[in-house]
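Below: the structure, in structure tokens.
The values are calculated or read from the model by the stated rules, or taken from the named source; none is laboratory data. The structure presented is a predicted model; accordingly, all values stated were derived computationally and were not measured. Ideal geometry is used to build each Cβ from the backbone, glycine not excepted, and the neighbour counts take in all protein chains shown. In case anyone asks, the SASA skips ligands and DNA or RNA and just uses the protein heavy atoms, side chains included. Shrake-Rupley method; radii C 1.70, N 1.55, O 1.52, S 1.80 Å.
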Amino acid sequence: EIGAVQILQSDEAALAEIFPDADSAQVHSLGIDSVMRDSLKARLGWIVRDTTVVYFDVFESGSRSGTAIVAEEQGKHRPITFIAGVDTSLRVVDVRVLVYRETRGGEVRHTRFLKQYRGKSLDNPIRINRDIINITGATISVNALNAGVRKALAIVEHIHPGKERN
């Protein structure tokens, strides 16, 4: 059974929560070409099927303080839409679920679960039973968000190469 669409938050509201000190943001839409797809595959170990990515560069006092990626990952039946904020050292600031469409696993939208991603980088596994605690009955949703957060980190790394890594 397919769940009802639960629109939980707008991009802008989530962005304000993730980067509360930001004074401006620029939205971008970028096509994922074969060069970017190959780069992401090399970094992640799987093929990113997205054809475009929407992201916000966020600024505080004129300097970029981070980037937020709006993305979707496939749940059991339908996609989960989320936003992942990444700071300039390529670490997750926070994650918010924007739209949830499944009948089960909706607990992944709660801060109690999402705070596990804070501070993660591509140097972390971001995997169930490694550094992310699973939610009973929500394994597919958890795996979708794990993959999505890793994808967001790789995309930010590709968009803003050569940034400091702590």
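When segment 111-127 is filtered for residues that are under 22 Å from Gln6 (Cα atoms), open to solvent by 50 Å² or more (accessible area, probe 1.4 Å) and under 15 Å from the mean Cα position of the chain (by Cα), the ones remaining, listed by number, are Thr111, Lys115. Residues in segment 4-53 that are part of a strand (DSSP E or B), β-branched (Val, Ile, Thr) and either in contact with a His (Cβ under 7 Å, 6 or more places away or on another chain) or open to solvent by 80 Å² or more (accessible area, probe 1.4 Å) (or both): Ile7, Val27.
Residue count for segment 55-98, restricted to those that are of a type in the set (Val, Ile, Thr) and closer than 23 Å to Gly162 by Cβ: 7.
For segment 77-91, a residue qualifies if it is open to solvent by 10 Å² or more (accessible area, probe 1.4 Å) and not charged (D, E, K, R), and the qualifying residues are His77, Pro79, Thr81, Thr88, Ser89, Leu90. Within the option set Ala16, Ala22, Ala4, being modelled with pLDDT under 95, over 19 Å from Lys151 (Cβ atoms) and among the aliphatic types (A, V, I, L, M) holds for one residue only, Ala4.
Of the residues that sit in segment 50-91 and are over 21 Å from Ser24 (Cβ atoms) and small (Gly, Ala, Ser), which one is modelled with the highest pLDDT? If we take residues in segment 50-91 being over 21 Å from Ser24 (Cβ atoms) and small (Gly, Ala, Ser), then Ala71 is modelled with the highest pLDDT. Residue-level check: of (1) surrounded by fewer than 22 Cβ atoms within 10 Å (Cβ to Cβ); (2) of a type in the set (Ser, Thr, Tyr); (3) touching a helix residue (DSSP H, G or I) at 6+ places or on another chain (Cβ under 8 Å), Thr103 misses just (3).
Of the candidates Asp33, Asp123, the single residue that is farther than 16 Å from Leu153 by Cβ and acidic (Asp, Glu) is Asp33.
For segment 81-91, which residues satisfy the criterion of being among the basic types (Lys, Arg) and either closer than 10 Å to Ser65 by Cβ or in a strand (DSSP E or B) (or both)? Passing the criteria: none in range. Summed over segment 128-156, residues that are open to solvent by 70 Å² or more (accessible area, probe 1.4 Å) and within 16 Å of Val95 (Cβ to Cβ) total 2. Of all residue pairs spaced 6 or more apart or on separate chains, those with beta-carbon atoms under 7 Å, a first member in segment 66-85 that is farther than 14 Å from Thr52 by Cβ and a second member that is aromatic (Phe, Trp, Tyr) and assigned to a strand (DSSP E or B) are Thr67/Tyr55; Thr67/Phe56; Ala68/Tyr55; Ala68/Phe56; Ile80/Tyr100. Ile159 meets each of the listed conditions (1) surrounded by 15 or more Cβ atoms within 10 Å (Cβ to Cβ); (2) farther than 27 Å from Phe59 by Cβ apart from (2).
Residues are listed down the side, and each one gets a yes or a no for (1) within 21 Å of Pro20 (Cα to Cα); (2) in contact (Cβ under 8 Å) with a residue 60 or more places away in the chain; (3) not in a loop (DSSP other than H, G, I, E, B):
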position: Val93; (1), (2), (3): yes, yes, yes
position: Arg96; (1), (2), (3): yes, yes, yes
position: Thr103; (1), (2), (3): no, yes, no
position: Val108; (1), (2), (3): no, no, yes
position: Arg112; (1), (2), (3): yes, no, yes
position: Gln116; (1), (2), (3): yes, no, yes
position: Pro125; (1), (2), (3): no, no, no
position: Arg130; (1), (2), (3): no, no, no
